[in-house]
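Below: the structure, in structure tokens.
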Amino acid sequence: MREVVHARGHENVSAEHASTFEVTSDDWLTPAGDCILAVEADRVPADFEDAFVEACRDPGATIRAVLTVTSEGGETHAQTVTGRGHPDLTFENERSHVGRTSDYVDDRTVLVGADAAAGDLDRDLVDALAEGAALRLELVVDGDASESA
């Protein structure tokens, strides 16, 4: 089961945060937003299908965030961040998607226990985002809940 979000990089993308990564529907980014990878997301967690949300609430679920970045010149960079589900995930936020290395959950959280944060991402991918490249964020959930949905 999957959900796809399209966004774009921004000149202030630094991707230096040690414990989170974020994709936001905001159309701006300040240098302080060191976890934000992209802006102008075309979808937010509140847009996701109920079955996807339910599958992500399974603590045994594996959730992968597949980040594919394509520059205007057609160069592509991809990286996958793997985390897990949590019973408290709500997917109610109407602004941002946040992946976390911790188990903290709020309405922006789309996965916990991530094996990477913004600061761990490939620097070529980050540089492309800082130049305004397009981002395709594909969230894929695997686990008992998704198999029965």
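Residues of the range 37-54 that are surrounded by 17 or more Cβ atoms within 10 Å (Cβ to Cβ) and in contact with a Phe, Trp or Tyr (Cβ under 7 Å, 6 or more places away or on another chain): Leu37, Val39, Pro45, Phe48, Val53. Residues in the range 22-62 that are more than 30 Å from Glu11 (Cβ to Cβ) and either among the hydrophobic types (A, V, I, L, M, F, W, C) or outside any loop (DSSP other than H, G, I, E, B) (or both): 9 in all. Among residues of the range 1-21 that are within 24 Å of Arg57 (Cα to Cα), those with a Cβ under 8 angstrom from a residue that is among the hydroxyl-bearing types (Ser, Thr, Tyr), sequence gap 6+ or separate chain, pair up as Met1/Ser146; Ser19/Thr101; Ser19/Ser102; Thr20/Thr101. Would you check if Ala15 is modelled with pLDDT of 95 or more, hydrophobic (A, V, I, L, M, F, W, C) and crowded, with 20+ Cβ neighbours inside 10 Å? Yes.
The values are calculated or read from the model by the stated rules, or taken from the named source; none is laboratory data. Everything numeric here is computed off the predicted structure, so don't read it as measured data. We place every Cβ from the backbone using ideal geometry, glycine too, and count neighbours over all the protein chains shown.
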